[in-house]
Structures are given as structure tokens and as C-alpha cells.
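Colleague: I'd like to ask some things about the structure below.
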Amino acid sequence: MQGLSQDILLVEDSPGDARLFRELLIDEVGRDGFRMRDARTLAEALQRIGEQRPDMVVLDLSLPDSFGLDALFKIQSQDALLPIVVLTGNEDQAMALRAVKAGAQDFLVKQELSGRLLVKTLQYARERKHNEARLRVSEARFRSLAELSSDWYWEQDAAHRLTYLSDGLLEKSGVSPAALLGRRWDEVSPGGGDAVWGALRVALASRQPFQDLAFPHATDGAETLHISISGVPIFEEGSFAGYRGLGKDVSSRERAAAQLRGSEERFRRMLDTGRDGILMLGADGLISFCNRQAASLLGREALELQGLRLDEMLAREPSTGASSGHDPQGEHGVAVRRADGSIVFVMESLYPMAGLDGVHVGTLAILTDLTVHKQREERVRELAALAAQKSEAERVSHAKSRFMAAVSHDLRQPMHALGLFIDDLKSAKLPERVYPVLDHMESALHSTQSLLDSILIMSRLETGMIAPNFMAFPLEPLLARLRAAFGPTARQKKLRFVVASSPVTIHSDPALLERVMANLVSNALRYTEKGGVIVACRPDGPDVRLEVWDSGIGIPAEHQEAIFREFYRIERGEDDRSGLGLGLAIVRSCTQLLGCAVQLRSVPGRGSRFSLRVALSEARQEPYLAVVEAVAPDDPAGARFDGLRVLLIDDDALILEGTRKLLERWGCHVISALSGAQADALIEHQAVLPDLVISDLRLDDGELGTEIVARIRRRYRPGLPAVLVSGDTSLQTARFVRQHGLTLLYKPLAPVRLRTVIGKLCSE
């Protein structure tokens with residue numbers, strides 16, 4: 001059997017049981033198929049989890065220092081994302097079931113342990129935990145879907161009290177949201193009774209999603225509405241924070257449902273009186289489910305059949321059975337030996353089933369009386385086709401992301417070279433009529449770069465490649481970068497541009513939040529021709545409200561929701577060149593990841609205000625990477641670096657030539673190399689050490705600029721100043737370079753930015 005490839009922490013105080021557990025795993029997957037550490041007490045287990053996080057915990061519920069669910073809760077409080085399988089005896093299975101409801105992935109009965117069952121249980125536990133993680137990712141998209149639907153949106157806190165109800169409740173049902181806030185659903189509409197609220201309490205207690213829970217709600221008038229709610233749990237950094245979901249008025253649906261219940265019951269009876277018997281066999285070949293028809297064909301009660309082996313009731317060769325080592329797929333004419341000794345002949349159709357990881361998990365068996373010729377095979381094929389389509393869609397999504405990253409890098413290379421040569425031309429003595437053309441070329445290049453950045457960011461957001469990294473950090477440096485980055489644009493357009501100062505510390509993802517604010521400010525400046533743009537920071541209870549005001553053209557009400565969709569643009573005339581319509585789509589996607597919503601107020605002809613709320617924090621500030629690069633003041637004379645020896649490394653000859661000319665204009669002595677090996681040879685040959693290294697991050701044959709810089713520092717000069725340049729603008733790349741203590745600049749590279757960085761490095 002395939003190895004587990006897991007680091008397992010076994011928390012078991014019985015040496016004999018621990019030894020048996022290890023031996024069963026060795027017999028099933030071999031010594032190299034898993035890694036296991038032991039702990040005999042809960043305290044020891046918590047210590048081991050803190051020292052090195054395992055992939056899986058197998059937990060005995062009866063320990064010297066803990067009994068029952070207390071051990072489970074304490075491990076979950078230390079690491080809520082850790083998969084846990086509990087061990088129990090025959091007499092404690094009820095407690096094990098409570099453990100599963102409380103968050104454990106599964107349980108094992110010690111007296112029934114086998115190697116195969118043990119391995120399968122551990123594999124299934126890991127798969128279920130993976131599915132829970134996917135659920136948390138999809139939660140981030142929940143709010144936007146609610147905003148786009150005709151339903152209304154609600155939120156609860158950890159005590160299940162309503163904290164938010166969207167205005168859609170009033171619009172759709174005539175019920176005021178303010179009258180319901182601070183109350184639980186069963187307090188809002190007690191008429192649902194235990195049949196409704198009992199099911200809800202079970203879901204809430206186990207922190208499970210629930211869907212389409214319908215209940216009657218009496219209004220102030222004589223009318224009784226029927227409301228349906230669906231919700232999912234909210235987890236913030238592993239801790240339960242409440243629920244959020246959708247609600248809708250289903251009064252008309254309930255009336256229609258009452259009329260359909262009779263026909264639905266008749267339909268169920270019709271299915272139950274059909275002639276096909278359906279059974280589900282586990283991977284061990286035991287029956288886990290059968291319908292009434294299958295029980296009738298086999299001559300037993302449905303409950304009696306569960307846990308039995310189908311092969312033992314069929315008169316055929318074991319090699320064709322679902323529990324054999326051969327491929328169980330196919331159809332077989334078999335004789336069924338019923339409990340009373342009678343024989344009936346059926347057509348047995350077997351279909352293997354696999355989990356998400358492709359591992360065989362069981363078999364679907366369909367028993368058809370040979371007097372019935374209508375088969376159910378098409379239905380099974382459709383299910384297989386849907387699974388294949390889903391797999392293909394996921395593959396295409398990942399391929400799209402890889403393609404966009406490659407295209408971005410490859411396009412930035414020639415754009416970078418073009419920008420360098422444009423700057424070289426602008427510094428030369430040319431006819432006056434040429435300079436406006438160069439300005440237009442430079443502007444077009446910057447526009448292309450901006451569009452490329454937006455497309456790449458949107459692609460990463462769509463494919464889930466960007467995950468938030470929440471931390472505490474000061475707000476003021478972010479605001480300062482906004483002032484520096486967008487001040488020149490505002491001055492060029494003769495606009496008043498004010499960014500408020502704020503001493504607060506906030507809790508969010510600094511990179512995503514900065515991306516949001518930069519896009520909002522950029523949009524405000526683009527659509528404002530007179531007046532100005534203001535970035536305000538206002539205290540708002542436990543939060544700070546960030547606002548971007550502008551006195552621009554405004555947004556008509558009918559477009560205020562649609563502008564957050566991808567590629568949506570408001571037509572403003574033939575001369576409109578406002579981009580692809582991705583800026584606000586990126587804002588919406590980023591704020592969904594951050595768990596906050598963007599609010600918009602706008603009056604056509606007077607301006608707009610975009611705002612969002614961010615949580616304040618008293619925690620220690622953490623270092624982080626900036627997204628918006630501050631633009632240095634443009635110095636026409638330009639700083640000079642006469643005699644500065646610069647080692648320049650890039651595998652693109654055009655970029656190498658353009659950068660060399662730029663540096664030489666600033667007075668630098670440049671040593672150019674197309675690879676790290678050539679750079680080493682040039683240093684040895686010229687016997688002159690550089691004062692500064694400027695290198696491409698990724699060169700041909702997988703060579704990394706970080707490795708080249710580290711090698712030069714190690715051989716010749718520790719602490720040698722160095723700058724890396726890359727066309728990859730992902731946060732992963734920025735963090736990678738930062739881990740090596742180096743400065744990173746992005747292609748296409750602005751000369752003024754390079755000059756500023758060189759001046760800073762040389763002055764340190």
C-alpha cells in the first residue's frame with residue numbers, strides 16, 4: 001500500500017497500544033512509509049506540537065493528565081488547523097462521536113484496529129482537513145456573491161447574535177434590520193419551533209455550514225413571511241468568530257412547496273418501488289449502504305446487510321468481486337443466495353470510486369433483476385464526466401496562472417530595455433521636435449506596464465495564489481508612500497492632493513491594503529480634472545476608517561455596483577483611455593481577502609468617496625514589504641557617481657547595453673557580464689573589486705542573482721552593496737529577496753528610482 005508520507009504524533013499512555021499502533025503501520029506501509037513520534041501525556045503532546053508541528057495527531061481520549069474531550073480542545077486551542085484522529089475503546093464510542101462533532105476528523109476503536117483501516121482512516125482525515133481549508137478560502141468570496149445576488153446578507157458574532165443585516169432585508173421583505181440586531185435567529189422568529197431551531201443549534205454547536213433553513217416570521221401586520229437562511233462559520237486566524245450568510249423571502253416558494261409535497265412523496269415511493277438495488281461497498285468490500293430494492297433482492301433487512309460482504313451472498317468466482325485484487329469494474333450475471341435459501345438471478349454492475357487523491361475508496365454495486373432491461377449506467381457515466389470536467393477546469397486555471405506569470409516576465413524584459421533606451425535618447429542632443437515624441441513613447445510604456453501589472457494581479461487573485469498575511473503595522477509609512485508616489489501626478493494635473501497623517505497601528509495584510517489604497521488613489525486622480533483628492537483616516541470604534549475623496553466626475557447610481565466587476569468601464573466618449581477596467585475589481589478581490597468591504601458614495605458631477613474599515617491593533621509592530629514604491633523628486637541635473645565601480649549582470653544583451661549607458665552617463669565605471677561565471681572571470685582578470693553589484697534576479701540556466709551576490713561577497717568583500725532587478729512582481733519574490741537582505745527593483749526600471757537607490761546604498 002502507498003506510504004502515508006506523514007509526520008504522526010501518537011498521544012497514547014499505554015506502551016503496548018503504542019507498540020501495536022506502530023507495528024500495524026509498519027506491516028501496512030513499511031518503516032519508510034511514515035514518521036511517528038510518541039507522547040504519553042497531554043502536556044508532553046502540547047510541548048511536541050510546539051517544538052515541531054506534526055502532519056497528524058492520533059489522540060487517546062484517556063490520558064494520565066486529561067480525560068475525554070478536554071485533551072482535544074486543548075490541542076485545538078494550540079493549533080486549530082491540525083488534523084486529529086481520536087482513539088477509544090468499545091465502551092467509549094459515544095465520546096468518540098462527540099469528539100468528531102467537536103472538530104476531530106475521525107475516530108478509531110482500539111479493539112477493531114487493523115493496518116488497512118488505520119491507514120485509510122489517517123488518509124481520509126488528512127483529506128477532510130484539506131477540504132476544510134478549501135472551505136475557508138471560498139468563504140472570502142462569499143460576501144461578493146451575496147452583494148451580486150438579489151438576496152440579503154447577515155452576520156453573527158461568536159455568541160450567535162446578529163451583528164449585521166443588509167438593507168436588502170427591508171427592500172425584499174419589508175422588515176427593518178435595526179429591529180433584529182443583537183438577537184439570535186430563534187429569538188427573532190420563535191415560531192419556527194424545535195424542528196427548525198433544534199437543527200440550527202446542532203449546526204451552530206458543531207460550527208458546521210447550514211443551508212436553506214426556512215422558518216415563519218410574523219410581521220407587524222397580519223401577513224406571515226417565510227424566510228430562508230444559509231450560513232457558514234467564520235474563522236479568523238484559526239479562532240471561531242461567528243457566522244455569515246444569505247437570507248431571502250421564500251414565502252412564494254413555501255406556498256409552491258406545499259403543493260408539491262404530495263407529488264414529491266409519490267415520487268419517492270416510485271423510486272423506492274423500482275427494481276434496481278443499489279449498494280455502496282467500502283474499500284474493504286463491506287456493505288455500507290443499500291436501498292429497499294437491494295435488501296429485497298438479497299432477502300434481508302437493510303440494517304442487517306450493513307457490514308456484510310456482498311461476495312458471500314453471490315454465486316460467482318471471487319476474482320470478479322469488488323473485494324478482490326482485480327479490477328472490479330464491469331457487469332456480471334450472478335445468482336443471489338438469499339437468507340431463506342432461495343436463489344434469484346441478477347445482473348451485478350460494479351463501478352469503482354476514487355477520492356480526490358485518486359485512491360480507491362469503494363465500489364458502487366447495482367443489482368438489476370434480469371426481468372428488467374432498463375439500466376442506470378448513463379447516470380453513473382454523467383457523474384464521472386462531471387468529475388473529469390471539474391478536474392480539467394482546475395488544470396486550466398493553474399495553467400492560466402503559470403502562463404500569465406511567464407508572459408508578464410517575458411514582456412517586462414523588452415519594456416525594460418525600451419525604457420532605458422528612451423531615457424538615453426532624452427539625454428542626448430536631438431532636434432526639439434523629437435522630445436515630445438519621446439515623452440509620448442515613455443507615457444505609452446508606463447501605461448502598458450500599468451495594464452500588465454493589473455492583469456497579472458487579477459489573474460493571481462482569481463486562481464487563489466494570493467493569500468493574506470495579517471500582522472500589526474503602523475499606518476503612517478503606508479500613507480507617506482502614497483504621498484510620495486502620487487504627489488507628482490497631482491502636481492502635474494494641478495490638483496490639490498492631501499494625505500492625512502495617522503499615528504495608529506492597525507491589523508491587516510500591509511501589502512494587500514496598500515494595493516487597495518494605491519488603486520483607489522490612482523482612480524481618483526485619473527477621473528479628477530479640477531479640485532483635488534483627499535485621503536482621510538477617521539477613528540471608528542475599534543477600527544480606523546480609510547477614505548479616498550475626490551472632486552471628479554462622479555459615478556452614476558446604475559453603475560456603482562457594476563464598476564467592481566472585471567473589465568467593466570463606463571463609456572465616457574471616444575477620447576476615454578481609462579484602462580482595462582481592472583483597478584476596482586482588484587480592490588474588491590483584495591478587500592474580500594482582508595475581510596472588509598469597500599463602501600462607495602458618489603454624486604455625478606461632484607465627486608466620489610470610497611471607504612473601508614480596518615481593525616486597530618495594540619500588538620507589536622512587525623516589519624513588512626511595501627507595494628507602492630515612493631517616487632524620488634525629479635532632479636534634472638541628476639546625481640552623479642563619478643568613479644563608482646559597478647558590476648552589472650544581466651542575460652539580456654539589450655538590457656545590459658541600455659543599463660550600461662545609463663550608469664556611464666552618471667559617471668560610473670561599468671563592468672558588464674551576461675552571467676555569474678563571466679562576472680567572476682572579469683573580477684579575476686581586472687583585479688579590481690566593484691563598489692556595487694546590480695544583477696538580474698533570474699538568469700539563464702536557473703542561475704539566481706542572490707547566489708551570485710552571496711558568492712562575490714564571500715570571496716571578495718563581505719557586505720558589498722547590491723541591487724537585484726526582476727520582472728516578477730509577486731509578493732513571494734519580494735519576500736525571497738528580502739530574506740537575503742537585498743534591495744529589489746522591478747522592471748521596467750525607472751532611472752530616477754535606480755539613481756535614488758544607488759545614492760542611498762553608497763551613502764550607507
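Colleague: Check cross-link reach from LYS429 to the lysines: straight Cα distance under 29 Å, and skip same-chain residues fewer than eight apart.
Modeller: LYS493, LYS661, LYS747
Colleague: Tell me whether segment 7-139 comes out rounded, prolate or oblate; compute the Cα gyration tensor, take square roots of the eigenvalues as a ≥ b ≥ c, and use a/c under 1.5 as the rounded threshold.
Modeller: Rounded, since a/c falls under 1.5.
Colleague: Quick one: of LYS248/LYS390; LYS74/LYS120; LYS120/LYS390; LYS530/LYS760, which pairs are farther than 31 Å apart, Cα to Cα?
Modeller: Listed pairs above 31 Å: LYS530/LYS760.
Colleague: Fewest Cβ neighbours within 10 Å first, please rank LEU97, LEU479 accordingly.
Modeller: Fewest-to-most ranking of LEU97, LEU479: LEU97, LEU479.
Colleague: Which loop GluC sites (Glu not before Pro) in segment 461-553, with loop taken from DSSP, have no more than 14 other Cβ atoms within 10 angstrom of their Cβ?
Modeller: Hits after loop and neighbour filter: GLU529.
Colleague: Add +1 for every Lys or Arg and -1 for every Asp or Glu among the other residues with Cβ under 10 Å from the Cβ of ASP680, and state the total.
Modeller: With Lys, Arg at +1 and Asp, Glu at -1, the neighbours total +1.
Colleague: Show the residues, 5+ positions off or on another chain, whose built amide H is closer than 5 Å to the amide H of HIS217.
Modeller: Amide H neighbours of HIS217: LEU225, HIS226, ILE227.
Colleague: If you average the sequence gap of Cα pairs under 8 Å that are 6 or more apart and divide by the length of segment 645-763, what percent do you get for the contact order?
Modeller: It comes to 22 percent, rounded to a whole number.
Colleague: Then there is this: Please list 3J(HN,Hα) in residue order for segment 20-33, calculated via the Karplus relation 6.51 cos²θ - 1.76 cosθ + 1.60 where θ = phi - 60°; whole Hz, with x for glycine and proline.
Modeller: 4, 4, 5, 5, 4, 5, 5, 4, 8, 10, x, 5, 8, x
Colleague: Further, regarding this structure: If you build the Cα gyration tensor of segment 29-70 and take the root of 5 times each eigenvalue, what three semi-axes come out, in whole angstrom, biggest first?
Modeller: Working from the Cα gyration tensor, I get semi-axes of 22, 13, 8 Å.
Colleague: Rounded, prolate or oblate for segment 645-763? Axes are the square roots of the Cα gyration tensor eigenvalues, ordered a ≥ b ≥ c, and the cut-off for rounded is a/c under 1.5.
Modeller: It comes out rounded by the Cα gyration axes.
Colleague: Can you give me the convex hull volume of the Cα atoms of segment 466-616, divided per residue and expressed in Å³?
Modeller: Hull volume normalised by residue count: 108 Å³.
Here, each number is a calculation from the coordinates, and none is a lab measurement. Note that the coordinates shown come from a computational prediction; the quantities given were computed from them, not determined experimentally. Positions of Cβ are generated from backbone atoms using ideal geometry, with glycine treated the same way; all protein chains shown enter the neighbour counts.
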